[in-house]
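Worksheet: the structure to be examined is printed underneath.
The values are calculated or read from the model by the stated rules, or taken from the named source; none is laboratory data. Model, not experiment: these values are computed from the prediction. Cβ atoms come from the backbone with ideal geometry, glycine included; neighbour counts cover every protein chain shown.
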Amino acid sequence: MSIALILIDIQNDYFPGGRMELVCATEAAGAAARLLGCFRKASWPVYHIQQVSNTPMATFLLPGTPGVDIHPSVLPLAGEPIISKHYPNSFRETDLQEQLKTAGIDQLLVCGMMTSMCVDATVRAAFDMGFTCTIAKDACATRDLMLDGEIVPARQVQTSFLSSLNDVYAGIRTSDAIVEGIAVCTT
């Protein structure tokens, strides 16, 4: 079995001062950076996913703006694939599945922005394609949502989405627990 780290949309617009600031984005990116460091140290594959909005009504992650750039905490190194996407599901109209299959990857460690949208859509699709997924829950971030005038706080959104993915679609673990299981990072 071979594993890859999938970093979904850890981009500037989701951070303080960005056009779609998420709750705890900085903390989530720090946990993702720690996982990225471990994967690099182990020489395991890493895939960076970058959302680029292409709809006329889009207000963030716009082409040619600093907000669309991958956040400095997880900047790709030379040779690390960057998959550009236009939809929440990182597999839709991209070559991500082909790249993973070609590399012999069957397990995915997923983290990124937004838990309630792109992380959720990608993990569900990955499961349907036969991948085994783990989500680093503290390396993901989301935002408050609203339904019928009622605000659902980001913490509840995060818990609801992760709990709905738990067991069937993905294992849910902390980045600390994941790092403890990667021998190269603990020696």
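Odds and ends about this structure:
- Residues of region 117-136 that are farther than 12 Å from Ala4 by Cα and more than 11 Å from the chain's Cα centre (by Cα): Arg124, Ala125, Ala126, Phe127, Asp128, Met129, Gly130.
- Single unsatisfied condition, Ser53 versus (1) of a type outside the set (Phe, Trp, Tyr); (2) under 26 Å from Ser2 (Cα atoms); (3) touching a helix residue (DSSP H, G or I) at 6+ places or on another chain (Cβ under 9 Å): (2)
- Filtered residues of region 174-184 (kept if crowded, with 17+ Cβ neighbours inside 10 Å and of a type outside the set (Val, Ile, Thr)): Ser175
- In region 125-163, the residue that is surrounded by the fewest Cβ atoms within 10 Å (Cβ to Cβ) out of those that are over 21 Å from Ala29 (Cα atoms) and touching a residue at least 24 places away in the same chain (Cβ under 8 Å) is Gly130.
- When the test is whether a residue is aromatic (Phe, Trp, Tyr) and in contact with a Cys (Cβ under 9 Å, 6 or more places away or on another chain), Phe131 does not pass it.
- Taking each residue of region 20-38 that is part of a helix (DSSP H, G or I) and looking for partners that are of a type in the set (S, T, N, Q) with beta-carbon atoms closer than 7 Å, six or more apart or interchain, yields Ala29/Ser73; Gly30/Ser73; Ala31/Ser175; Ala33/Ser73; Arg34/Ser175; Leu35/Ser175.
- Thr94 vs. criteria within 22 Å of Gly181 (Cβ to Cβ) and surrounded by fewer than 23 Cβ atoms within 10 Å (Cβ to Cβ): no
- Candidates Pro76, Pro88, filtered to the one that is free of Cβ contacts under 8 Å to residues at least 40 places away in the same chain and touching a His at 6+ places or on another chain (Cβ under 9 Å): Pro76
- When residues of region 1-56 are limited to those that are among the β-branched types (Val, Ile, Thr) and under 11 Å from the mean Cα position of the chain (by Cα), the one nearest to Met117 (Cα to Cα): Ile8
- Within region 55-73, residues that are without any contact (Cβ under 8 Å) to a residue 60 or more places away in the chain sit with their Cβ atoms under 7 Å from residues that are among the hydroxyl-bearing types (Ser, Thr, Tyr), at 6+ positions apart or across chains, in these pairs: Phe60/Ser53; Leu61/Ser53; Leu62/Ser53.
- Residue check for Glu180: out of contact with any His (no Cβ under 6 Å at 6 or more places or on another chain) and modelled with pLDDT under 95: yes
- Ile3 vs. criteria crowded, with 19+ Cβ neighbours inside 10 Å and under 22 Å from Gln99 (Cβ atoms): no
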